[in-house]
Amino acid sequence: MRTALLRITARLTAVTLLGAGALFGAGTLPAHAATGTVVTDSGTGVTIRSGNATSFGAVGTQPNGPVQIDCQIYGEPVTGKFGRSLIWDHIPGKGYISDAYVDTGSSGLVAPLCTSNPRADKAIAWYSARNGSTAFQGYCEMAAENSYGKTGIYASAKANWNDAVARGAAHRGDLNPPKGALVFWDLAAPYGHVGVARGDGYFWATSVNGRIGLAKLPYYSNYLGWAWPNF
């Protein structure tokens, strides 16, 4: 939870930076851009990565202090200076840093959603490479987690969905999930069913004609909605 003091500090920092830019004739930030302040206990800054997860390679370090953000994306949750966050900030011309180390004055998005999502692309590629496989029949939650390089996070798809509801992160009944979002159904009680959205109205999942496959939403009955992976 970011404190009121930190929010005020971030706003004052942003105003100061913009004012300084006008004073010295620097180019103004695009209307859609946001600013924040990188803060780490070590004081050495935060790792810049080529994608929105710690599994992506390091491409540099963003030092403590002001930073410009041109877009944001949901990715692997990271616990940092400002708590736990699924948001990653894209630094123009550099890469991605975890928002858990950036004071933006908000725990939510402050910039437009990035048009690319490297982590989601990897998850979708995982399913695509296993198209037609029956190896995960009855293990839809495991398949979804494995596609994101994780395992053993939730006992079932329904448990995953219930957690999203409890966190206020569930988009109930929305048939337009973004690429990489998890999509849920209330099937096979009490376990439920889950897949990964492709971002164009289609999704990958197990049990599509008895195997891993691609289908158009909602496909099954009792569609619940979508949520970003909490892993």
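The values are calculated or read from the model by the stated rules, or taken from the named source; none is laboratory data. All values derive from a computational prediction rather than experimental measurement. Neighbour counts are summed over all protein chains in view; Cβ atoms, including those assigned to glycine, are modelled from backbone coordinates with ideal geometry.
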Sort out which residues of region 214-231 are crowded, with 19+ Cβ neighbours inside 10 Å and under 17 Å from the mean Cα position of the chain (by Cα), and write them in order of number. 225, 226, 227, 228, 229
Here are 31, 111, 58: which of them is at pLDDT below 95, out of contact with any helix residue (DSSP H, G or I) (no Cβ under 6 Å at 6 or more places or on another chain) and hydrophobic (A, V, I, L, M, F, W, C)? 31
Can you tell me which condition residue 191 does not meet? The list is (1) touching a strand residue (DSSP E or B) at 6+ places or on another chain (Cβ under 7 Å); (2) within 17 Å of residue 153 (Cα to Cα); (3) not charged (D, E, K, R), and all the others hold. (1)
Test for residue 183: is it touching a Gly at 6+ places or on another chain (Cβ under 8 Å), closer than 13 Å to residue 140 by Cα and at pLDDT 95 or above: yes
